[in-house]
Amino acid sequence: MMLAHALTRAARGLLLGLVLATAAAATASAAPKVGGTLTFGLPTDLTKVDPHKSSAFVDTTILSHVVEPLVTYSKKLEIRPLLAESWKFSDDYKTLTMTLVAGKTFHNGREMVADDVVWSFKRLLDPETKNPKRNLFENIADVVALDAHTVRFDLNKSQPGFLHVLANANPIPAILPKESVDANGEITKLVGTGPFQFTEWKQGQYVLLKRYPQYKSPAGPKDGLAGDRTPYLDEIRMVPMTEENVAVMALVNKEIDVLQYFPAKYVEKYKKQYSKEGIVLTEVPGMSWYQVFFGLNQPVTSNPDFRKAVAYSLDLGTITRAAYMEHAEANPSVIPSQSGYYTEAHTTWPARNLAKAKEYLKKAGYAGEKVVIDTTKNYAPMYKQAIAVQSQMAEVGINAEVNVLEWPVLLKKLYGKDFQMLSFGIGPKPDPVDAYQYLNLTGAFETYPEIKSLLDQANATDDTEKRRVLFEKIHLATVDTVPWVEFYNYNYLNAFRDYVKGYETLSIGVPVLWGVWLEK
Amino acid sequence: MLAYLLKRIVLMVPTLLLVALMVFLLVHFIPGDPAIVMVGGDATPEALEQVRRSLGLDQPQPVQFVTWFGHVVTGDLGRSIGTGIPVFETICERFPTTFVLTTLAMLFSVALAVPSGVLAAKFRNTGKDYLFMLVSLLGVSLPGFWLGLMALLVFSVQLGWFPSSGYVPIWQDPIAGLRYMTLPSITLGFFMAAVVARMTRSSMLEVMRLEYVTHARAKGLTEWSVLLKHALKNAFAPTLTTIGIQYGMLLGGAVVTETVFGLPGLGRFVVTAIYSRDYPAVQGCILFIALVYMFVNLAVDVLYKAFDPRVKY
Amino acid sequence: MYPVLKIDNLQTHFHTRTGVAKAIDVVSFEIGKGEIVCVVGESGCGKSMTALSVLRLVPHPGRIVGGEIWLDGENLMAFSESEMRAVRGDRVSMIFQEPMVSLNPAFTIGNQLIEAVRIHRRVSRTEARERAIAMLRRVELPAPEARMDAYPHELSGGMRQRVMIAEALLLDPALLLADEPTTALDVTVQAQVLEVMVRAARESGTAIMMITHNLAVVSEIADRVVVMYAGRVVEQGTAEEIFTRPAHPYTRGLLRAIPSLPLGDDDGPRQPLYEMGGLVPSLTDLPPGCAFCPRCPEAFAPCDRERPPGFALGSTHAAACWLHRQEAER
Ligand SMILES: Nc1ncnc2c1ncn2[C@@H]1O[C@H](COP(=O)(O)OP(=O)(O)O)[C@@H](O)[C@H]1O
Ligand SMILES: [Mg+2]
């Protein structure tokens, strides 16, 4: 059961690669210039200045230019040094000892040392800090400064994937100086170690970042968030462009230089017009993944034969186009095609087959009961894909109804396992273990303990080969049990003026503005 | 007069109390809570519970109300869950923009609506009047969102008269600020203008049937003096009430305008807060907006007497 | 010498959706200098429209469609709109029925009186104010200075009507159109207000066209009487002629309805007007004959077919009724 598009996927990946490569070649030809102000259009405003308190992805977009974690991701999502230059796990993966980069300074001029790492993690873990994603870091039992440039992480349980925790994008486990906190424990002016300094936030208007001239970049060429991180721009103005049509106008009017999310519906107009007006559009495969979850504890959907029937009734390509036109890649796996763990096994999925779907319906004893697909209009693709799913299911005689909810209500149903089918989408999860954790929300861990055990095994090793095999097994288990149907990963459409050089967006969704300069 | 003002202001206290209770109930009865939005789709149920506890959401609702209200009466609206910034600070930072926007929109709409209402009344049941009725019907039925985008397309993209994004507060740089405010206040004011013009027209027609208008004509006044002095002053009193009510609607309509034009106003903030169930932010802002609305009403009532001396305080 | 007002075959129609309402089917009468002419008739018979026609202020959708109106020998129908404005309030002024709504509630008495002066006279505000106060004194409004700053709603109905009278006579007009000026007032003040109006008008030599359906009032002040029915003058004559020798059955009906009045030559039983039966006919659909015919106790052969012209019964007395054809021809 191979997907027909598996081949074209490879071809498209190549094409995209080419586009990027030529863009990179063009920029490489000229030497970077220091100076200038770049105005960057964000989808929404910054929510919190304090990375330890934040949980919104937009904050990462901004703050990743200001603060830094100990390790970070390469373009291919491998762990690379940032504030830590080297590290060593104990054999049982319960202690991690890290050596910090020497001579790294905070924006206030003071050198970053091991005590700052200890303080930062203690703050992040303190329940009073109220980080909504604190649980990500809960396996940390203690952080100890061994000397000025050495820290040790003691873990509660063995966790070979712990470096992914330290490289986490949202929230960023940033190393901050103790003195940036006021008497109330609040950060009002953020001080970090990053290439840009946080200068000003006017709520709803802009966030102003300034180049940190003393920035000490890691060695090596720029590679994702790692490697060369030298800032060239004097200033970055990050402006929220909440209305997508207006955002495009602002780019056309040169009021902004880069638009992070270029609306797909404007691509035709770009090809016809904007491309001739000095605007460059790039399309980068993303790692966000969209799906419909089945409630394994609910009438009708608890029956695996029914879920199989649904799987056979759906055509992933059609659903993908319904949600994102051609700007997404159909993908039945949670592992995106850019991941090192992506193998052919992950393309396995039932192709649409109406006869088989009906056969399974009969087997399931389905007698026209109503099945509710919960979704929300707050995120358009979740709604569009739900409609497409409903209509394809209807073709095999499933009586499905789309139930539009507000985002918080949808979340509530998700956490309450109170849904039959739930149309959803999830942000980038570079480590497949994190992605497969979502099976828990459908109740799959209880219903199918063998999946849970495979996941535990994958979590217990950092042997890439072993993990790869385990992830393939998990994927095939989901083909058998259909606890969800994965649809696609959408591409990031970024548009910018042609005088912006060296700009790229990574597939984890973070735009990178160091290494970028203006050629005006 | 002063006694009247004082009385009205004192009477606002119980109203505000009621609003506070209602806002609290309303906000807490919509399903979903801030913890769930904060953790997004990413957390374990235990983590969610932890966040809930840290926000005090595990407490019974009456306790939460008393805690919140206890702070409110001491002037502390609490911190926004979303931004971590004191709600009052956000109001101080964002409301002036909304206030300027709505006030300019109101001025624009009155400046447009009252003369067109008068003209429509003068040329009632003629082609000019029908044209006016049509335009004003468009005005009330065009979605503000669409109108804003069209205004941007024409005046900012095509003609380049105004910027399509960005913002400078008008109190920092009046000229640049006005440039950023022109399109938003016109599009926001357009809806209100349509409503006010219709009100002006109908109350003008009402008034013009009255004997004192005939009397004014019988004095030998020109038709314009009759319309603008004798009829309009009387017709303006009900129009003023409409303007007062509409101002409240403007505060609501500002949300869309602020979103389209990217203005850092309070409306946009409240909507975000509602979507993320940011209880303290929603409650604080709505309480504040209710207070503003009460003051607008008070101002309308005080002004009303200038147009209708028969009113007694 | 010209009469102050000469209405000659005036026709004022309302073009409504349901048809043309002949509010004034055809009306002719004159008012001499300083004369008080009372126009009487049931409600809706076109009295107010006659007065408004004189000022050329017939409200939409009404229009003067024929006839002439002569003021001191000048044809008002030939006047331009701005010439008409110069007439209104200066040479011809008008008092309305409802003092509650005929004064503008949004302006002070002073404001409205001063405005009335300054529309037509180039005088300073102070001068206009003094003139207004003097006039208020003439109409016996107590404390006139203080009243200048009052709003209409702060005055009683009688006081308001005094203000209206003062305003109307401020500029010594040749003609005062008084449209039921006391009908809305308390009976106790009606007489005083009327007296004040008549006296002030006499002092300034102003003729009055007084619209009323109070025949007691008519008997007290009228020099001459015009009786209207369904947009036409059915009878006119001196007060004495009308009260002692009413010629039209309608006039007689009117008089019979007033218990305190002498009944003239008819000694039949007194009965209220409505017992004549029926109502004023629809003005959009007037019968071909005499409009009063369907209600007339004395109708005979020609009445329902042919409209009676005015038959002269004397040099000052005329009636539009077939009963008087022979009399007139004699
Ligand atoms: N606005 C109007 N529209 C249509 N017809 C009207 C209007 N105003 C007055 N009329 C007609 O004119 C007639 C005479 O009205 P009016 O002169 O006010 O009567 P009155 O003798 O009671 O003063 C009414 O019976 C009515 O048919
Ligand atoms: Mg009348």
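The values are calculated or read from the model by the stated rules, or taken from the named source; none is laboratory data. What you see is a predicted model, and the numbers here were worked out from it, not measured in a lab. Here the Cβ positions follow ideal geometry from the backbone for every residue, glycine too, while neighbour counts run over all protein chains shown. Side chains included, ligands, DNA and RNA excluded: accessible areas come from the protein's heavy atoms. Shrake-Rupley method; radii C 1.70, N 1.55, O 1.52, S 1.80 Å.
For region A:422-481, the solvent-accessible area works out to 37 Å² per residue, with a probe of 1.4 Å and every protein chain left in place. Applying a DSSP loop filter and a limit of 16 other Cβ atoms within 10 Å to the GluC sites (Glu not before Pro) in region A:364-453 leaves A:Glu369. Taking the chain by itself as reference, region B:132-161 contains these residues with an accessible-area loss of 40 Å² or more in the full protein complex (1.4 Å probe, heavy atoms): B:Leu149, B:Val157.
Counting every pair of alpha carbons in region A:52-239, the share spaced more than 22 Å apart comes to 44 percent. For A:Glu519 and A:Lys362, a Förster radius of 45 Å and the Cβ-Cβ distance give a FRET efficiency of 0.10, rounded to the nearest 0.05. Multiplying the residue separation of A:Asp147 and A:Asn184 by 0.36 nm and removing their Cα-Cα distance gives an extension gain of 10.4 nm.
Taking every protein chain into account, the accessible area of chain B amounts to 44 square angstrom per residue (probe 1.4 Å). Mind giving me the FRET efficiency for A:Asn399 and A:Glu138? R0 is 41 Å, r the Cβ-Cβ distance, nearest 0.05 is fine. Result of the calculation: an efficiency of 0.45. Computed on region A:52-239, with alpha-carbon pairs under 8 angstrom and 6+ residues apart, the relative contact order is 27 percent.
Backbone N atoms of region A:214-231 closer than 15 Å to the 7 Å Cα→Cβ label point of A:Glu111 belong to residues A:216. For the protein assembly as shown, the list of Cys residues with no other Cys C-beta under 4.7 Å reads B:Cys92, B:Cys285, C:Cys38, C:Cys45, C:Cys296, C:Cys321. The angle separating the long axis of helix C:109-120 from the principal Cα axis of greatest extent in chain C is about 80 degrees.
Evaluating kT/(6 pi eta Rh) at 4 °C and 1.567 mPa s, with the Kirkwood radius of chain C over Cα pairs in the Stokes-Einstein relation, gives 63 µm² s⁻¹.
Partner shielding of A:122-135 amounts to 4, given as the average count of beta-carbon atoms from other chains within 10 Å of each residue beta-carbon. As a length-normalised measure over Cα pairs under 8 Å and 6 or more apart, the relative contact order of chain B settles at 28 percent. Sorting the segments C:90-103, B:77-90 by their residues' average number of neighbouring beta-carbon atoms within 10 angstrom, most packed first, yields C:90-103, B:77-90. Projecting the Cα atoms of B:Ile36, B:Gln59, B:Phe88 onto the charge dipole of region B:20-120, computed from C-beta unit charges around the Cα centre, puts B:Phe88 farthest toward the positive end.
With the alpha-carbon atoms of region A:165-262 aligned to their principal axes, the span from lowest to highest coordinate is 42, 40, 29 Å, starting with the largest. Working note: 222 nm ellipticity from helices only, DSSP H runs with n ≥ 4, each -39,500 (n - 2.57), summed and divided by the residues of chain A, gives -9000 deg cm²/dmol to the nearest 500. Would you mind checking region C:208-231 for residues with the amide N under 17 Å from a putative spin-label position 7 Å along Cα→C-beta of C:Glu298? Residues C:227-229 fall inside that zone.
Averaged over the residues of peptide B:268-278, the number of Cβ atoms from other protein chains lying within 10 Å of each residue's Cβ is 3. Here the spin labels are modelled as points 7 Å beyond Cα on the Cα-Cβ line, and at A:Ser86 and C:Gln326 they lie 14.6 nm apart. Total buried accessible area between B and C, probe 1.4 Å, nearest 100: 2200 Å². Taking Rh as the Kirkwood radius computed over C-alpha pairs, what is the Stokes-Einstein D of region B:232-285 at 20 °C in a medium of viscosity 1.002 mPa s, expressed in µm² per second? Rounded to a whole number, D works out at 169 µm²/s. When DSSP beta bridges are restricted to pairs lying wholly in chain C, around 60% turn out antiparallel. Label-to-label distance, A:Lys254 versus C:Ala216, with points set 7 angstrom from Cα along the beta-carbon direction: 9.1 nm. Global size of the protein assembly as shown: 43.6, 144 Å for Rg and Dmax (C-alpha atoms, Rg to one decimal, Dmax whole). A P(r) calculated from all alpha carbon pairs of region A:99-184, with 10 Å bins opening at zero, reads 16, 49, 32, 3 percent. Chain A against chain B buries an accessible area of about 3700 Å², both chains summed, 1.4 Å probe radius. When a 1.4 Å probe is rolled over the protein heavy atoms, the share of accessible surface on the protein assembly as shown that falls to carbon and sulfur comes to 59 percent. Shape summary: chain B maps onto an equivalent ellipsoid whose semi-axes, from the alpha-carbon gyration tensor, are 43, 25, 16 Å in decreasing order. Helices meeting the span-like rule in chain A (full DSSP H runs, Cα extent of at least 24 Å along the helix axis, mean Kyte-Doolittle score of 0.0 or higher): A:6-29.
Mean partner shielding of peptide C:104-112, defined as the number of other chain Cβ atoms within 10 Å of each residue Cβ, is 6. With the convex hull of the Cα atoms taken as the outline of chain A, the averaged projected area works out to 23.4 nm². If you sort A:Glu268, A:Glu486, A:Glu128 by accessible surface, 1.4 Å probe, largest first, the order is A:Glu128, A:Glu268, A:Glu486. In units of the compact-protein estimate 2.2 N^0.38 Å, region B:2-73 shows a Cα radius of gyration of 1.55.
Other residues whose C-beta falls under 11 angstrom from the C-beta of A:Val71 contribute a net charge of -2, scoring Lys and Arg +1 and Asp and Glu -1. Work through the residues other than A:Lys308 whose Cβ is under 13 Å from its Cβ and net out their charges, Lys, Arg +1 and Asp, Glu -1. Surrounding charge for A:Lys308 is +3.
Across chain A, C-alpha contacts under 8 Å between residues 6 or more apart give a mean separation that, scaled by the residue count, equals a relative contact order of 20 percent. Label positions at C:Glu74 and A:Asn378, each projected 7 Å from the Cα along the C-beta direction, are separated by 7.8 nm. Once the Cβ-Cβ distance of B:Ile30 and C:Ala86 is raised to the sixth power relative to R0 = 41 Å, the FRET efficiency obtained is 0.05. Within region A:429-510, the proportion of Cα pairs with more than 22 Å between them is 41 percent.
Protection proxy ranking, highest mean first, for peptides B:15-21, B:275-281, C:306-312: B:275-281, C:306-312, B:15-21, where packing is the per-residue count of other beta-carbon atoms within 10 Å, averaged.
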